[in-house]
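Visitor: Following this message is one structure expressed as structure tokens.
The values are calculated or read from the model by the stated rules, or taken from the named source; none is laboratory data. All figures in this text were calculated on a predicted structure; none of them were measured in a lab. Here Cβ is always computed from backbone atoms with ideal geometry, including for glycine, and neighbour counts include all displayed protein chains.
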Amino acid sequence: MTLDQQKSILTIALLAAFADGNKDDAEREEIRRIAQSLAGDAGLVDLPRIYQDVLLQRTGVQTAAEALSEPMHRQLAYEMAVCVCDVDGRQTAAERDFLATLKTVLQLDGQQTAAFDQEADALVEVAENAIPAALPATTAAAGAAPTMGTSDADLDKSILNYALLNGALELLPQSWASMAIIPLQVKMVYGIGKAHGVELDQGHIKEFIAAAGVGLTSQYLEQFGRKLLGGLLGKAVGRTIGGMGSAATGMAFSFATTYALGQVARRYYAGGRVMSTAMLRDSFQNLLGPAKQLQTQYLPQIQQKAATLDAGQILAMVRGA
């Protein structure tokens, strides 16, 4: 994939992120920060400039699509845009209009996009209905989400298992696989709250995650950007996992994000939910560094888990089956 093709796909992903016009200042700032942080991995792709062009409406879908002459790259750009629109829940009318326009500009017909749209819609529906849900107190079976005990040791083990799983999901070549990371983070926080006698719904959990400084759209954009710039999405078109190990080393950051988030949630609910937003963010940032070191330690397990996952298992884990 050429630099111009990378730039076009990243531009379309950012256009999708702002398609609904509902991003608050905190989320915009987080997306800007991600553009800056990815710039070091981007070579000659000027991500901060792309971000500014999208935010100030100096570019659009038609311009971004001009470099995408190959069908597989047009399909990939569309899939990424759908994931960005879906990652925080059901598509808004503005997002549906944006995707319809994008599909036309990319010259994709319904037959080309139907299978992917169906997979993404199924994941969104399952995620919306997964919380609240009863979480079993036994060890997770194959194809099931990690379970949540109540002791400190059990909670630590569960948080680690969620982190390993989300690190693995980030490495899968399927475009929509990373969409499952946030629903599984929601399930993890729900289980931690329940272990401390607190019943939570999706809205409260997502507010907690955002308060800790983990944006929903921005987190997915970072996953996507690292995949694209690291070369893993170049393999996604063929839907193979071959060569993943060499491409994955710098990309399994969702392990660290999930692990740090789980530990912050454990402190928050164990302490009676009295931490301020500033304290939550500071705690998350302080835990992120050690979590990244653990990520390096557990990379072989992350890669091994990624090699065993399929679409049915991912949906089952989000559902809690």
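Visitor: Select, from GLY21, GLY89, GLY110, GLY60, the only residue that is outside the structural domain of ALA211 (by TED's automatic domain parsing) and touching a residue at least 60 places away in the same chain (Cβ under 8 Å).
Guide: Only one candidate qualifies: GLY21.
Visitor: So, one more: Please go through region 289-305 and pick out each residue that is polar (S, T, N, Q) and touching a Gly at 6+ places or on another chain (Cβ under 9 Å).
Guide: GLN295, GLN301, GLN303
Visitor: Within the group GLN91, GLN107, which residue is surrounded by fewer than 20 Cβ atoms within 10 Å (Cβ to Cβ), at pLDDT below 90 and not in a helix (DSSP H, G or I)?
Guide: Sole residue among the options that is surrounded by fewer than 20 Cβ atoms within 10 Å (Cβ to Cβ), at pLDDT below 90 and not in a helix (DSSP H, G or I): GLN91.
Visitor: So, in region 275-308, of the ones that are within 21 Å of GLY191 (Cβ to Cβ) and in a loop (DSSP other than H, G, I, E, B), which residue ends up modelled with the highest pLDDT?
Guide: Among those that are within 21 Å of GLY191 (Cβ to Cβ) and in a loop (DSSP other than H, G, I, E, B), it is TYR298.
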